[in-house]
1. For Asp81 and Asn247, what does the FRET efficiency come to when R0 = 56 Å and r is the distance between their Cβ atoms, rounded to the nearest 0.05?
2. For a footprinting-style exposure proxy, rank Cys78, Cys66 by other Cβ within 10 Å, fewest first.
3. Lone cysteines in the chain, defined as no other cysteine's Cβ under 4.7 Å from theirs: which are they?
4. Ranking Leu454, Leu60 by Cβ neighbours within 10 Å, fewest first, what do you get?
5. GluC sites (Glu not before Pro), restricted to the range 348-415: which are DSSP loop and have at most 14 other Cβ atoms within 10 Å?
6. Specify the inter-centroid distance of the range 76-154 and the range 260-289, based on alpha-carbon positions, in whole Å.
7. Could you list the residues of the range 1-39 with an amide nitrogen less than 13 Å from a label point located 7 Å from the Cα of Arg47 in the Cα-to-C-beta direction?
8. Between Val463 and Glu180, what FRET efficiency follows from the Cβ-Cβ distance if R0 is 56 Å, with the result rounded to 0.05?
Amino acid sequence: MADIALTRATVVTMNERREILRDGSVVIEGNEIVDVGKTDDVRPRYRVDIELDCRDKLVLPGLVDCHVHLAQALLRGCADDMSLIPWLCERVWPMQGSYTAEEGKLSAQLCCLEMIKSGTTTFVESGLHSRYGFDGIAEVVESMGMRAALSKKLMDVAGYADRPDAIPASMVEEGRSTMEETLAMIKKWHGKANDRIHVWFGPRTPGACTVDFYREIAERAKEHGTGITIHLAEVRQDIEYMRKEFNMTPMQFMEYCGLVGEHVIYAHGVWLPEEDFARLRETGGTVCHCPASNLKLASGIAPVPEMLKSRVNVALGCDGGPSNNCYDMMREMKLAAIVHKGWLLDPEVLPAEAVLEMATVNGARATLWGDRLGSLEPGKLADVIVLDRRKPHLVPVRNPVSNLVYAANGGDVDTVIVDGEIVMREREVKTIDEAEVVALAQELGLKVDERLGLNIGPRWPVV
Ligand SMILES: [Zn+2]
């Protein structure tokens, strides 16, 4: 007896041999995949509760977004076409710094809704400020049925690179309290929701933490067997700061602080120098590439093809509402696949297959579910997405991976299964009232602007 069978599909397994099954089936029992194979072989072996006929559909592992700011969904479009410092200091930080826990929760609902609807099943939240309400956000992840590593933001200095007082008072937190809150959250939430929720450490960028504090974070993460994520070398000022203050490259500095290992995700890595690639590979950490954010904020273009060539694990992330401005990994995959070609004048770099690996197996490896996620194989956790290919922009299918990366968008995701539960079916999200969240986000999102006296609207006359 099985719970769910997806049958007659084109299955992009992402298994070791990267097999693509024509007329394939995936069978799920509880929260686990128990069988994957040709429909005629697999289907007769099971009596199933729910059979999803997936002819004309593509079935693949749920996408893994390794760099998400949940609290920024409500800030979508709040700071377009601005450079990083005013973007951060005049808009993003003051706006997030005025949040109530209710707004933190609503932003998380909006963000999770968008991720589910575009095929992301697992994400790494890069750092939650206390004021967003960690409990409320963890409850959203639990009830909406997603899988997430939720990082608590940690800091003990109010600086950003070489700007000592960069972080506004409303966003400043004290070192001891951020540590204690993180430990309390680990105790309360790590492994909860049938192990769909993990709690990580999210130390702020160099300039906002002392070396001693970084070292303490590294030790505590080891002690609790959990992960760490940090923004690293996102902008040029970051590497200049580490060179000037410590005479080190970013990875030398991370090693000096103990922030290395397979359990560490470095977001962005735009300015990582070539000499850091070997250390990245040897220590087993992951660089999360966020091309849309890096391009929109003019931070630069990360050396992704070079890192992959050096066998560094590179994953993919959407970042946030003011920097991207969406959480659609399908769109992110296309951008990742084409930006390096244009920049390096080489159409052969980052083929579609390498980008789909970044969004599935590489991302999975970066999370603590690593060996149980990222591919469709017996024994893996049942995180599966289904795309409908009966669309003008998705036929003909010559190479399904090409269509996924170059032609599809998040709106093509039809059905989403996380941990063996159907979270969305035929585009209807089962775990929350979508219309209600959308209406509330429109209303309360603009209230944040009003509260701060910000007048953010069209630059063209509205008549
Ligand atoms: Zn970020």
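Taken together, the values in this text are just the output of simple stated rules run on the coordinates, not laboratory data. Only a predicted model underlies this, so the values are computations on that prediction, with no experimental measurement involved. We place every Cβ from the backbone using ideal geometry, glycine too, and count neighbours over all the protein chains shown.
1. Numbers: r = 36 Å, r/R0 = 0.64.
About 0.95, to the nearest 0.05.
2. Numbers: Cys78 21, Cys66 32.
Ascending Cβ contact count within 10 Å gives the list Cys78, Cys66.
3. Cysteines of the chain left without a disulfide-compatible partner: Cys54, Cys78, Cys89, Cys111, Cys112, Cys209, Cys257, Cys290, Cys318, Cys326.
4. Values: Leu454 16, Leu60 27.
Fewest to most other Cβ atoms nearby, the residues stand as Leu454, Leu60.
5. Working: sites: Glu348, Glu353, Glu357; in loops: Glu348.
Here the GluC sites (Glu not before Pro) that fit, given the DSSP loop and packing criteria, are Glu348.
6. Answer, in whole Å: 24.
7. Inside the label zone: 1-3.
8. Numbers: r = 54 Å, r/R0 = 0.96.
With a Förster radius of 56 Å, E is 0.55.
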